[in-house]
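Student: Got a structure here, written out as structure tokens. Questions coming.
The values are calculated or read from the model by the stated rules, or taken from the named source; none is laboratory data. Nothing here was measured: the structure is a model prediction, and the numbers come from that model. Quick reminder, even Gly has a Cβ in these numbers, built from the backbone with ideal geometry, and neighbours come from all protein chains shown. These area figures cover heavy atoms from the full protein model, side chains too; ligands, DNA and RNA do not enter into them. Shrake-Rupley method; radii C 1.70, N 1.55, O 1.52, S 1.80 Å.
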Amino acid sequence: MRWWIYCLAALWMLAVTCGCQGVIYLEDAGQDAEVQTDGQDGYDAGVDSGGDSAGDGGQDAAIGDAATGDASTGDGGQDGGDDCIPNCDGKQCGADSCGGSCGECGGSAICVDFQCQEPGPCDNVTCDELEWCMDGICRCQSGWLRQADECVPIVPSAFENRSPQSVCDKWNADYPNAASWVWEAGPESCDDGVLNPESIDDGIRRINLYRWLVDLYPVYNLRSLNAYDQPCAIMMKENGDLDHSPPSTWACYSSLGASGAGHSNMAMGRHDPAGAIDLYIADSRVLSLGHRRWLFDPPYLTSGIGQAGQWNCTYVMTGGNSYSPDWLAYPPPGPCPDAAILGKWSLAAPGFDQDSTWVTVTDLTTSDVQEPDFYFPSGSYGSFSYLAFTMSGVTAGHDYEVTIDGVKLGGYSDPPETFSYTVQVIDCTQY
């Protein structure tokens, strides 16, 4: 039996006490010992598995009718071609779904949700829950698309319908940050300061980009949850530590911040919310993969974000998303940007027969075969059981066929079966 379990306390402690220059810290929600890694790999952020056993964070929001496509490009998720039919119904501007345009805005007007609108201040603007304000205009949050008078989720395209071009178009459009600044400190050290709404949307867009890749519906920023996570980030910054149960003796302690800490992924080392999301997805040297598992939890719907300097709190453990796939692979089947492959590979499923599980990966480009080390991450993080394995020598332009024995796809009591999928690693700088 080749799989291994991470209960070697001595090795854990060795990892914890090996200080490095430029470390990035993450808090692992008390399930596993804290571990640190160098600034290149990232130190694992925080996932709290102890706050809400139901995993719904007290939230039970419903989502509207689903929309397909890409809100950032407005292309409907379709590749242009001879059979493409332009769609400009009700649109004054923006993409026509076939690589063309529905028009340009004149004067000082800007194109928001396919309508030409005049910019202005946001001081007296009240937006709906799924919207945020910039330039005095309410717009759907990243990952959501306006249909008529409401914002609806962008549904991921099926793996078999994705092309390298369409995946890279989305990656190249959604990955870059849009915010020119992130956070301004307040006059007192314990003040929340001002977190740029555009930076919050950068973080939401990064979460939803990874969720789109693995076939999950988007989340949105519930502004009332920011009221927990911003004081959470301030507390961590002022005390120079990450703790999901901060003591009341801490500087800048507040009940709101403590509640945020108990329901959030937490990280130190990146100065913007989107960068922290990369750390959570990578979960470098965090054997539980708890942060990734919370962000990839299918019911996850409402998120809060706090950022103070290089300290981040991202609210997880909420529910309300109605769609859940039968399994979840990271990196996913089909075309996947090499820049999106961070840390260990993983498969989430209802269960695994640990005695018969085996992992084989074949490089279909070179015919090389790997039998990587694998293990079953512990902890109650989200809805699935997980298997994780470490790949070596992954190269853009190669296809990797992953075959895993002992997977229980129908349910934990079902007999195990062999499950296979192929990851096409692509370099999106070439698109």
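Student: How big, on average over all directions, is the shadow cast by the Cα convex hull of region 354-431, in nm²?
Tutor: Details: hull surface 27.0 nm².
Mean projected area for region 354-431: 6.7 nm², to one decimal.
Student: Pulled fully out, how much extra length does the chain show between Thr422 and Thr126, if you take 0.36 nm times their separation in residues and subtract their Cα-Cα distance?
Tutor: Working: separation 296, 0.36 × 296 = 106.56 nm, distance 4.58 nm.
Full extension of this stretch gives 102.0 nm more.
Student: Give the residue list of GluC sites (Glu not before Pro) in region 148-229 that are DSSP loop and have at most 16 other beta-carbon atoms within 10 angstrom. The partial results should precede the final answer.
Tutor: On the way: sites: Glu150, Glu160, Glu184, Glu188, Glu198; in loops: Glu188.
For GluC sites (Glu not before Pro) across region 148-229 that sit outside H, G, I, E and B with at most 16 neighbouring Cβ atoms in 10 Å, the list reads Glu188.
Student: Using bins 10 angstrom wide from zero, how does P(r) for region 258-378 break down, in % of all Cα pairs?
Tutor: 11, 36, 35, 15, 3, 0
Student: Lysines near Lys91 by alpha-carbon distance under 28 Å, same-chain residues fewer than 8 away left out - which ones?
Tutor: Straight-line reach from Lys91, under 28 Å: Lys170.
Student: Moving to a separate point now. Where in region 354-381 does the label zone of Thr395 land, with the point 7 angstrom along Cα→C-beta and an amide N cut-off under 19 Å?
Tutor: Correct set: 361-372.
Student: Right, here's the next one. Return the Rg/Rh ratio of region 321-375 with Cα-based radii and a Kirkwood Rh. If you can, show how the numbers build up before the last one.
Tutor: Numbers: Rg = 13.5 Å, Rh = 13.5 Å.
On the Cα set of region 321-375, Rg over Rh gives 0.99.
Student: Only residues of region 392-431 count here: report those whose backbone N is under 16 Å from the spot 7 Å along Cα→Cβ of Cys84, or say none.
Tutor: It comes to 431, nothing else.
Student: Can you pull the three principal axis extents for the Cα set of region 185-224, in Å, largest first?
Tutor: 43, 16, 14
Student: Report the far tail of the P(r) of region 99-253, meaning the percent of Cα-Cα pairs longer than 28 Å.
Tutor: Working: 4008 of 11935 pairs.
Value for region 99-253: 34 percent of Cα pairs lie more than 28 Å apart.
Student: Under a point spin-label approximation (7 Å from Cα along Cα-to-Cβ), what is the Asp373-Ala158 distance to one decimal in nm?
Tutor: 3.9
Student: At a Förster distance of 51 Å, what's the computed FRET efficiency of Ser101 paired with Asp355, Cβ-Cβ distance as r, to 0.05? Before the final figure, lay out the partial values.
Tutor: Values: r = 58 Å, r/R0 = 1.14.
Between Ser101 and Asp355 the formula returns 0.30.
Student: Ratio of Rg to Rh for region 286-326, alpha carbon only, Kirkwood?
Tutor: Details: Rg = 12.0 Å, Rh = 11.5 Å.
Reported Rg/Rh (Cα atoms, Kirkwood Rh): 1.05.
Student: Computed FRET efficiency, Cβ-Cβ of Asp405 and Ala173, R0 45 Å: what is it to the nearest 0.05? Numbers along the way, then the final one.
Tutor: On the way: r = 38 Å, r/R0 = 0.85.
After rounding to 0.05, the efficiency reads 0.75.
Student: If you count only protein heavy atoms with a 1.4 Å probe, what accessible area per residue comes out for region 309-419, rounded to a whole Å²? Kindly include the intermediate steps, with their values, before the conclusion.
Tutor: On the way: 4100 Å² over 111 residues.
Value returned for region 309-419: 37 Å² of accessible area per residue.
Student: Next question, about the same structure. Consider just the alpha-carbon atoms of region 176-327 and return their Rg together with their Dmax, both in angstrom.
Tutor: Final numbers for Rg and Dmax: 14.6, 50 Å.
Student: Which value, in Å to one decimal place, does the Kirkwood hydrodynamic radius take for region 363-405 when every pair of different Cα atoms is included? Walk me through the numbers on the way to the answer.
Tutor: Values: mean 1/r = 0.0805 Å⁻¹.
In region 363-405 this quantity evaluates to 12.4 Å.
Student: Can you classify region 128-172 as rounded, prolate or oblate using the Cα gyration tensor, where a ≥ b ≥ c are the square roots of its eigenvalues, rounded means a/c under 1.5, and otherwise it's prolate if a/b beats b/c and oblate if not? Intermediate results must be reported in sequence, preceding the final value.
Tutor: On the way: a/c = 3.87, a/b = 2.04, b/c = 1.89.
It comes out prolate by the Cα gyration axes.
Student: Between beta-carbons, use under 11 Å as the cut-off and find the net charge around Gly203, counting Lys and Arg +1, Asp and Glu -1.
Tutor: Numbers: positive: Arg205, Arg206, Arg270; negative: Glu198, Asp201, Asp202, Asp229, Asp272, Asp278.
Cβ neighbours under 11 Å give a net charge of -3.
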